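Below is one structure, written out as structure tokens, with a few remarks after it.
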Ligand SMILES: Nc1ncnc2c1ncn2[C@@H]1O[C@H](COP(=O)(O)OP(=O)(O)OP(=O)(O)O)[C@@H](O)[C@H]1O
Ligand SMILES: [Mg+2]
């Protein structure tokens, strides 16, 4: 068994250990004490996880509930499951929200603009009617949120200086987090530093960031398991991250194909290779296919393939990130032979 506990690698799971966010958690707790906080950060920087970790009495995704009315309905439903909001006007719903509760408003910039403005205004002014509703609002970008609200007075009451910005994780941080998540969810025999490094390399440049990292960790574990392996292979990670670019090989010349082949071969069954290894394999492949490359050819073509993202320069060496090597080698072979 590779996966000890699938639940622990689901996106909704709150990990036992939250790493690399000590400062942010400290500040968030202070703001939350004061009644309001805005978490701002790119995709997969841990916004939802942090808010859930701090905790709230209701959790609303505003992208899925775009109107003030829908958000309030959802809040009331969660705070008081017996309450039936059907047909009640917005103002009435506000009066039904209990004071002293904390509400998490995820993806708040997903609300319709007019609704967002009115909602933010009313929410942050509840104290004027003698009620305190605490909130953690989450946005991908607080500058854009501010522009959307487009009213300095509303913005300063709603967010003020209570903004916690989450910077993207570095490669080292992604690795550290992945390792701790793997420890919780995956059998210790099933992964090693190479696997974690490879996933971190992919995540670092993916728009999904840490979200991609966790997805890849889980999916490559599932793939390895379905193949009856006891250990995740680099190719399982590549399969999990597979993209459909194989037809791009059609436009490559034979010499390019050969350099690509040598690189793929050098990364077979492992995560990374260095140029010496690749050059050694290239010599063998040159004889095998009867194609001769000069040192200049190699340098030029290798750089080109790196530039075009066929070959990736990772933190621990060169590698291929988005196609399983075994199939790739077969595909290249077919085309060199032609
Ligand atoms: N510091 C961390 N420690 C452990 N796990 C983390 C950490 N940061 C992020 N994760 C994990 O990465 C995944 C993505 O995090 P999360 O969903 O909170 O990101 P997000 O910022 O809300 O992204 P999105 O903008 O796409 O909603 C989750 O599985 C989360 O548990
Ligand atoms: Mg989120």
Inset, instruction - Inspect all residues belonging to the range 205-219 and state whether any of them is away from ligand 2 (no atom under 16 Å from the Cβ), farther than 18 Å from residue 7 by Cα and surrounded by 16 or more Cβ atoms within 10 Å (Cβ to Cβ). - result: no
Inset, instruction - Enumerate the helices (runs of 4 or more DSSP H) found wholly within the range 206-266, keeping only those where 1 or more residues are touching a residue at least 24 places away in the same chain (Cβ under 8 Å) and closer than 30 Å to residue 292 by Cα. - result: 234-240, 254-266
Legend entry - Enumeration of residues in the range 29-50 that are within 22 Å of residue 203 (Cα to Cα) and either away from ligand 2 (no atom under 13 Å from the Cβ) or out of contact with any helix residue (DSSP H, G or I) (no Cβ under 8 Å at 6 or more places or on another chain) (or both): 47, 48, 49
Inset, instruction - Would you be able to say whether some residue in the range 53-73 is over 24 Å from the mean Cα position of the chain (by Cα) and within 23 Å of residue 169 (Cα to Cα)? - result: no
Inset, instruction - Return the total of residues in the range 142-188 being farther than 30 Å from residue 237 by Cα and out of contact with any strand residue (DSSP E or B) (no Cβ under 6 Å at 6 or more places or on another chain). - result: 17
Legend entry - Filter result (away from ligand 2 (no atom under 13 Å from the Cβ) and surrounded by 12 or more Cβ atoms within 10 Å (Cβ to Cβ)) within the range 14-28: 15, 18, 19, 20, 21, 24, 25, 27, 28
Inset, instruction - Go through the range 84-128 residue by residue and tally those that are within 16 Å of ligand 1 (Cβ to nearest atom) and either out of contact with any helix residue (DSSP H, G or I) (no Cβ under 8 Å at 6 or more places or on another chain) or assigned to a strand (DSSP E or B) (or both). - result: 5
Legend entry - Odd one out for residue 32, checked against (1) within 14 Å of ligand 1 (Cβ to nearest atom); (2) closer than 23 Å to residue 124 by Cα; (3) buried (at least 20 other Cβ atoms within 10 Å of the Cβ): (1)
Inset, instruction - Could you tell me whether the range 12-33 includes any residue that is free of Cβ contacts under 8 Å to residues at least 24 places away in the same chain, closer than 21 Å to residue 214 by Cβ and in a helix (DSSP H, G or I)? - result: yes
Inset, instruction - Could you list, in sequence order, all residues of the range 50-83 that are within 16 Å of ligand 1 (Cβ to nearest atom), surrounded by 21 or more Cβ atoms within 10 Å (Cβ to Cβ) and part of a helix (DSSP H, G or I)? - result: 50, 51
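Only the coordinates and a few stated rules stand behind these numbers; no lab work does. Just so it is clear, the structure is predicted and the values come from calculations on it, not from any experiment. No Cβ is skipped: glycine too gets one built from the backbone with ideal geometry, and neighbour counts run over all protein chains shown.
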